[in-house]
Amino acid sequence: MSSSKRERAKPSQNNSSKIIIGAFVLICIGYYMLNYIAKREDPPLGNTFHIIMGCALMAIAAIAIFAILKKKYFPKKKRRSKSRPVFLNELPKKDKT
């Protein structure tokens, strides 16, 4: 196997931490847009834009954090097979008569 296939086969823990840090940065940006820029008297692009974008950024980042943490710490349980295993009966021994 080539090295690129090996890298794709293993999900890296470092990648999820980068996504979580990026999501926290998005939450901070959304909070700043919602509570500081939107309260100005005449912000560029208007107050409504900053209110909607601030809420959207915070919501998307919160969903991303929730999904990453759920995937990392609460993996799906393996399902047990519903049917019992079937074994072949042993062949009956023939009497020598």
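Of the cross-linked pairs Lys18/Lys78; Lys18/Lys77; Lys39/Lys70, which ones have a Cα-Cα span greater than 31 Å in the structure shown?
With Cα atoms farther than 31 Å apart: Lys39/Lys70.
Send over the per residue convex hull volume for region 31-75, Cα only, as a whole number of Å³.
52
Separation between the Arg80 and Val25 pseudo-spin-labels, each 7 Å from Cα along Cα→Cβ, expressed in nm?
Result for the modelled spin labels: 4.7 nm.
Every read-out reported here was derived from the displayed coordinates using simple, explicitly stated rules and does not represent laboratory data. Quantities reported herein were computed from a predicted structural model and do not represent experimental measurements. Here the Cβ is made from the backbone with ideal geometry for all residues, glycine too, and neighbour counts use every protein chain on show.
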